[in-house]
Amino acid sequence: MSTVRRRLVPYFLMGPGLVWLILFFVVPLYFMGRLALESGTLATGFEFTWEFANFTDSFDRFDEQFVRSFVYAGVATVIALLIAYPLAYAIAFRGGRWKNALLLAVVAPFFTTYLIRTIAWTTILSDDSVIVDVLKAVGLLGDEGRLLATPTAVIAGLVYNFLPFMVLPIYSSLERIDVRLIEAAKDLYASARVAFWKVTLPLSMPGVVAGTLLTFIPAAGDYVNAFFLGSINQSMIGNRIQSLYLMELDYPTAAALSFILMAAILAVVVVYIRFAGAEALMGDEGEQRA
Amino acid sequence: MDGTAADPRAANGAGSTPSVSLRGVSKAFGDFVAVQEMDLDIAQGEFFTMLGPSGCGKTTTLRMIAGFEEPTTGQIFIDGQSVEDLPAHKRPTNTVFQSYALFPHLSVGENVAFGLKRKGVPKDEIDRRVREELERVGLAQHINRKPSQLSGGMQQRVALARALVNLPKVLLLDEPLGALDLKLRKGLQIELKRIQREVGITFIYVTHDQEEALTMSDRIAVMNEGRIEQCDAPVAVYEKPATTFVAGFIGVSNLMPAVVEHVNGTRARVRLDAGIEIEAENNGLQTGDRCHAVVRPEKLRIDARDGTPPDGWPRVDGVVESSVYLGTSTQIVVRLAGDVPMTVLVPNSDERERNRLPGGGADVRLSWAPEHIHLVRESGTAPAAAAQREPETQIAQEATTQ
């Protein structure tokens, strides 16, 4: 009796999460998949016809936006990493009693909604903003140059909005490093620089991998930054999906595009984890099981 | 401080430069003084132990030698060279950390190879030396494992191999056996001593375990509140403690309060508060000084009140407070007049003898051979530092010539 109950406990614990996943992920995914294979227009009505051409046609139509999405997301992820790592390092090793205050400052932007923050950037980057004036004064921007409606603006928005997702995992993996390991490296003739490359960086890789995934995945599917900070020339795949659904009411194409995006992100992530090593993502535990 | 003491190269003459010298080294963390004005010479190839309770400054001293902390004042010399301007990674020292501090992302072999790689040793030589070192500590078959897959004792051996493979001039060990259980610790103590003899490297060992210190060391520095209370060979530290702190920290202390009646060269006559007068080797005391007379528990003889100790043995009377069977011996606590507790250890070599031992409440007489009593100063009333330093350098010299 009790052994039976004990065996069932894990399933009970999994229950709520499982129900949630089925209701809000598997079921919608099924309807989306069905929708992606329908044909017709809103006027004539949609019909399920195994219309696989939706996938190839929509990709052919929007391949430019696909490539752009991945390039923007990739560049934004790299820039965010370059900003976040030193920041997380400073907080973890030099933060002292200010650690918590500094971490709070990192997540403080979340107290304002995503949309408001992004719209605020339109002011910051607008043609008569101080930043544009300064860039023109120092010659980094031509007289006719502007920031708004450029790839720079969209990427800057993506970096800004997803930076905390990069900082926090890196911080938490750096924070866990035993400082005696760094002392041990120095004891074994490693200079501060070598100790960083040989000990600190490898041990913080789980945070780097988690942070880059948490930044890249939402950035690749984002449409808010391109919508407010870019023009039609900077539109990303998210913008296309949004307008197909809400303006053109071409549901099958929009659904097919969503599927392609999902598959593409999945492929990129799988390759990346293979390359970065699942060990890094799972830490010591993963190593032991491997 | 005179000229000879200030320069460690001159201190012991040419050819016997101390491996490590400290000159007036102090370390303060804010208001807290961890190490006070320490002077020390450690001979080449010596197994030197710093022993003391936590917070006595022993680990701080070790970290200053390693280069992890900078002395607030004073200088450290390794092989006669000041290491003031050398950061940790350029010092000819290696450390075995208390928590091992093995790199979790590297294999056992990569851990051991870490220092050699940084030095730019050729790859085939690294492979050979790593293998040899792991064989020495009995872990050659685990070269490809990760540290987390090894037991605590094995991790400790990897840490030792990782330090020794670099052939440092000085090996620093910070309570390396502290995290292990007693049985493992005993085995590793003997192994450490064997390895030290084999490689001939100077070992500076930090511990709070007096037994560990007595087992392995050539010399022990007993530390308290940032100062060295006594620095001597294990036998001397145990048999002739210099202060009440040393007497109490190493072994069970039987401290009988006394006052110095008369000093005659190297001998002193003291009157114990228990009422008798004895003569013992003087320990820098002067007539009228308060001091304590120490006799180790296993040196005491216990008789009934009307018993007759051997001729010429000083004797004091007391009452048995408790008697505890300890397996190899019986421990009897006797309270003397003036509320002075004395511990007596009687070996359980004869069952009939043991059954005749007095029980609680019995009136007894304690006695000891005259050479087994020793006078100690009250801790904190140390004589001039210079007077204490001299014998230290002498012993360092002896250790070198051995």
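The values are calculated or read from the model by the stated rules, or taken from the named source; none is laboratory data. These numbers come from a predicted model, not from an experiment. Ideal geometry is used to build each Cβ from the backbone, glycine not excepted, and the neighbour counts take in all protein chains shown.
Things to note:
- Top-ranked residue in region A:137-164 [being surrounded by fewer than 22 Cβ atoms within 10 Å (Cβ to Cβ) and touching a Leu at 6+ places or on another chain (Cβ under 8 Å); ranked as nearest to the other protein chains (Cβ to nearest Cβ)]: A:Ala156
- Inter-residue pairs, beta-carbon under 7 Å, first modelled with pLDDT of 90 or more and in region A:130-154, second among the hydrophobic types (A, V, I, L, M, F, W, C), 6+ apart: A:Ala153/A:Leu125; A:Ala153/A:Leu147; A:Ala153/A:Leu229; A:Val154/A:Ala226; A:Val154/A:Leu229
- Subset tally (residues that are over 17 Å from B:His372 (Cβ atoms) and touching a residue at least 40 places away in the same chain (Cβ under 8 Å)) for region B:307-325: 5
- Per-region count, region A:99-143, residues under 28 Å from the mean Cα position of the chain (by Cα) and among the aliphatic types (A, V, I, L, M): 16
- Among (1) farther than 22 Å from B:Ala179 by Cα; (2) of a type in the set (Val, Ile, Thr); (3) at pLDDT below 95, the one test that B:Ile126 misses: (3)
- Number of the condition not met by B:Thr72 [criteria: (1) surrounded by 19 or more Cβ atoms within 10 Å (Cβ to Cβ); (2) under 28 Å from the mean Cα position of the chain (by Cα); (3) polar (S, T, N, Q)]: (1)
- Flag set for A:Arg176, criterion: within 14 Å of chain B (Cβ to nearest Cβ) and either at pLDDT below 95 or touching a Phe, Trp or Tyr at 6+ places or on another chain (Cβ under 9 Å) (or both).
- Checked across region A:245-255, the condition of being more than 14 Å from chain B (Cβ to nearest Cβ), touching a strand residue (DSSP E or B) at 6+ places or on another chain (Cβ under 7 Å), part of a helix (DSSP H, G or I) and surrounded by fewer than 22 Cβ atoms within 10 Å (Cβ to Cβ) holds for at least one residue.
- Residues located in region B:252-283, provided they are surrounded by 15 or more Cβ atoms within 10 Å (Cβ to Cβ) and small (Gly, Ala, Ser): B:Ser253, B:Ala258, B:Ala268, B:Ala274, B:Ala280
- Set B:Ser54, B:Ser16, B:Ser21: member being under 20 Å from B:Ala233 (Cα atoms) and not in a strand (DSSP E or B): B:Ser16
- Filtered residues of region B:97-119 (kept if over 31 Å from the mean Cα position of the chain (by Cα), at the interface with another protein chain (Cβ under 9 Å from one of its Cβ atoms) and part of a loop (DSSP other than H, G, I, E, B)): B:Pro104, B:His105, B:Leu106
- If you go through region B:261-271 and keep only what is among the hydrophobic types (A, V, I, L, M, F, W, C) and over 15 Å from B:Thr244 (Cβ atoms), you end up with B:Val263, B:Ala268.
- The listed residue being more than 9 Å from chain A (Cβ to nearest Cβ), free of Cβ contacts under 8 Å to residues at least 60 places away in the same chain and on the phi > 0 side of the Ramachandran plot, out of B:Gly45, B:Gly57, B:Gly74: B:Gly74
- Matching residues, region A:186-202, being within 7 Å of chain B (Cβ to nearest Cβ), buried (at least 22 other Cβ atoms within 10 Å of the Cβ) and assigned to a helix (DSSP H, G or I): A:Lys186, A:Asp187, A:Val199
- Considering residues of region B:78-96 that are facing chain A (nearest Cβ under 10 Å) and crowded, with 21+ Cβ neighbours inside 10 Å only, the residue nearest to B:Arg145 (Cα to Cα): B:Val96
- Selection from region A:241-290 of residues that are at pLDDT below 90 and of a type in the set (Gly, Ala, Ser): A:Ala276, A:Gly277, A:Ala278, A:Ala280, A:Gly283, A:Gly286, A:Ala290
- Whichever residue in region A:65-89 is without any contact (Cβ under 8 Å) to a residue 12 or more places away in the chain and over 14 Å from the mean Cα position of the chain (by Cα) and, among such residues, is nearest to A:Thr150 (Cα to Cα): A:Val67
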